[in-house]
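A short reminder: the numbers here are calculations on the coordinates, not readings from a lab. Since the model is a prediction, treat every value here as computed from it, not as a measurement. Cβ placement follows ideal geometry from the backbone for every residue including glycine, while neighbour counts extend to all protein chains displayed.
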Amino acid sequence: MHRPVLRRRLTLEEPVELADGGGGSIGGWREVGTLWADVRAVSGSEMLQGGRDRQRVTHRVIVRGAPVGSPRRPSPHQRFRDGSRIFDILAVAENDPDGRFILCWTEEGGSA
């Protein structure tokens, strides 16, 4: 197993409900923190969905380990942002037996 190279600065975001000004709410995103990551593309595909071409690119994102419940530990309901690029977190697991690093499986381009 190679040691991850954490060179990419990603913003971890979580979903929030925001007031819409009319008594209701809309979904939005709130910054949780910044994490350094090793980001590698895993697979890509293209399909026709709803009469439009849709591209799907999955990435493996590795960040430093953090205990369950820590705000620095990503979870599947969150996402990473790198400028205008969005990486929806699909699954999270320890990358090594000592828990020094966390592996996040992501899909790019999901929730804007």
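Could you run the Debye sum over the Cα atoms of the chain, one equal point scatterer each and no solvent, and tell me log10 of I(q)/I(0) at q = 0.22 Å⁻¹, two decimals? Evaluating at q = 0.22 Å⁻¹ gives log10 I(q)/I(0) of -1.20. 3J(HN,Hα) couplings calculated from phi for segment 54-67 with the Karplus curve 6.51 cos²θ - 1.76 cosθ + 1.60 (θ = phi - 60°) are, in sequence order, 10, 9, 10, 10, 9, 10, 9, 10, 10, 10, 5, x, 8, x Hz; Gly and Pro show x. Potential lengthening of the chain between Val57 and Leu18 amounts to 11.1 nm, from the contour at 0.36 nm per residue minus the alpha-carbon distance. Comparing mean-square fluctuations of Arg56, Arg64, Arg81 from a GNM of the chain with C-alpha springs under 10 Å, the top value falls on Arg56. Name the residue, out of Ile26, Ile89, Ile62, whose mean-square fluctuation peaks in a Gaussian network model built on the chain with Cα pairs under 10 Å. So, out of Ile26, Ile89, Ile62, the one fluctuating most is Ile26.
So for the pair Arg7, Asp82, with labels modelled 7 Å out along Cα→Cβ, what separation do we get in nm? In this crude label model, Arg7 to Asp82 measures out at 1.1 nm.
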